[in-house]
Structure formats: C-alpha cells, structure tokens
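Here the structure comes first, spelled out in structure tokens, and everything after it is commentary.
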Amino acid sequence: MKYAFLILSFFFIQSSFAVTITSFNDSPALLNVLEFIKDSANDLKVSNRISEKKLAVVDSSKCIDVKAPVVLNEVEVAIQNVLRYYPDEELPLDEAYEDLSTLLGVHTFKKCTFFYTNEKMKMKTVYFENAADSVHIKVDTITLIAQ
C-alpha cells in the first residue's frame, strides 16, 4: 500500500509539471527553430517564414478544411527546406515538433493559400486557422527573382 501511494503521488507530481502550449512563445524549442529559419532566409534564393500572424481572410473560396497533421506537415516541410542547406544537429527539432503538435491538438483547421508576385519575388502563403480562432499559423515560401 505504501508503494502504491508513492507511485500515485509521483504520477500526480509529474502531470502537474506538464506545460500548456497555447502559442509559439510557450515553446523555447519551437522559438529556437523558427529563429534559425528566419536567420537563414537572407542566404537562400527560396526561403521560408513561419509565424502566428493572424490574417483577415476575405475570399474563403481559397480555403479548405484540414486536420492538424496537415498543418504539422506544412511546417515540417518548411523547416526541412532550410535544413537541407544549413543542417544543424543541435536544433531541438523533436521537441519543437512535439510542442507544435501539442499546440495544434486534434482541431480541424481552415487552410487558405494565397500567391503574391512583384518584380523582386514570388510569395506563396499558406495560412491555417482553427475554428475556435485561437491558433493561427502562417507559412510563407519566398522565391527571389533573379535580376
């Protein structure tokens, strides 16, 4: 009986230390990885930016409903695109992906895709927003046009 109480109390102590992830700022690992991606952008012809910037979607015809794994995959692909050129063994990728997965939960997201072009660049923006309007993820892929 004494051991059962000890095991139960250990379980409750462990669960009380669980971190709630409600934004990128709640995850040092995710912030570290995203900062690395941002810093690498200046050196690449095709770069990515990942943010929690909320967009006002005017044209919903450019949107579809997707599950959380689609959002996670989009972010992972953007990160891997940069790591192909600048591999970094010390980045806490597993922890960052785990925290992002926690943030996304099992929600359904609205996925909207937009394109923008000017004389210097082409940009593809993939924007995700959950139904509760509490999670917003924006993934930009920027391609510089040679001049």
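The values are calculated or read from the model by the stated rules, or taken from the named source; none is laboratory data. Keep in mind that this is a model prediction, so the values were computed, not measured. We place every Cβ from the backbone using ideal geometry, glycine too, and count neighbours over all the protein chains shown.
Among the residues making up the stretch 33-53, those that are in contact with a helix residue (DSSP H, G or I) (Cβ under 9 Å, 6 or more places away or on another chain) and either over 20 Å from Val135 (Cβ atoms) or surrounded by 15 or more Cβ atoms within 10 Å (Cβ to Cβ) (or both) are Val33, Leu34, Phe36, Ile37, Ser40, Ala41, Leu44, Val46, Ser47, Asn48, Arg49, Ile50. Applying the criterion of being under 13 Å from Ala68 (Cα atoms) and touching an Asp or Glu at 6+ places or on another chain (Cβ under 8 Å) to the residues of the stretch 119-136, the residue that is surrounded by the most Cβ atoms within 10 Å (Cβ to Cβ) is Phe128.
When Val106 is tested against (1) out of contact with any helix residue (DSSP H, G or I) (no Cβ under 7 Å at 6 or more places or on another chain); (2) part of a loop (DSSP other than H, G, I, E, B), exactly one condition is not met: (1). Filter the stretch 53-77 for residues that are at pLDDT 95 or above and small (Gly, Ala, Ser) and give the result. Result: Ala68, single match.
For the stretch 29-58, a residue qualifies if it is out of contact with any His (no Cβ under 8 Å at 6 or more places or on another chain), touching a residue at least 24 places away in the same chain (Cβ under 8 Å) and of a type outside the set (A, V, I, L, M, F, W, C), and the qualifying residues are Asn32, Ser40, Asp43, Lys45, Ser47, Asn48, Arg49, Ser51.
Each row is one residue, and each column tells you yes or no for (1) loosely packed, with under 12 Cβ neighbours inside 10 Å; (2) closer than 24 Å to Pro28 by Cβ; (3) free of Cβ contacts under 8 Å to residues at least 60 places away in the same chain.
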{"position": "Leu72", "(1), (2), (3)": "no, yes, yes"}
{"position": "Val75", "(1), (2), (3)": "no, yes, no"}
{"position": "Tyr86", "(1), (2), (3)": "no, yes, yes"}
{"position": "Ala96", "(1), (2), (3)": "no, yes, no"}
{"position": "Gly105", "(1), (2), (3)": "no, yes, yes"}
{"position": "Lys110", "(1), (2), (3)": "no, no, yes"}
{"position": "Phe114", "(1), (2), (3)": "no, no, yes"}
{"position": "Thr117", "(1), (2), (3)": "yes, no, yes"}
{"position": "Lys138", "(1), (2), (3)": "no, yes, no"}
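The set of residues in the stretch 85-103 that are under 15 Å from Asn48 (Cβ atoms), part of a helix (DSSP H, G or I) and not small (Gly, Ala, Ser) comprises Leu93, Leu100. Going by the conditions given, is Ala96 touching an Asp or Glu at 6+ places or on another chain (Cβ under 8 Å) and hydrophobic (A, V, I, L, M, F, W, C)? Answer is no for this residue.
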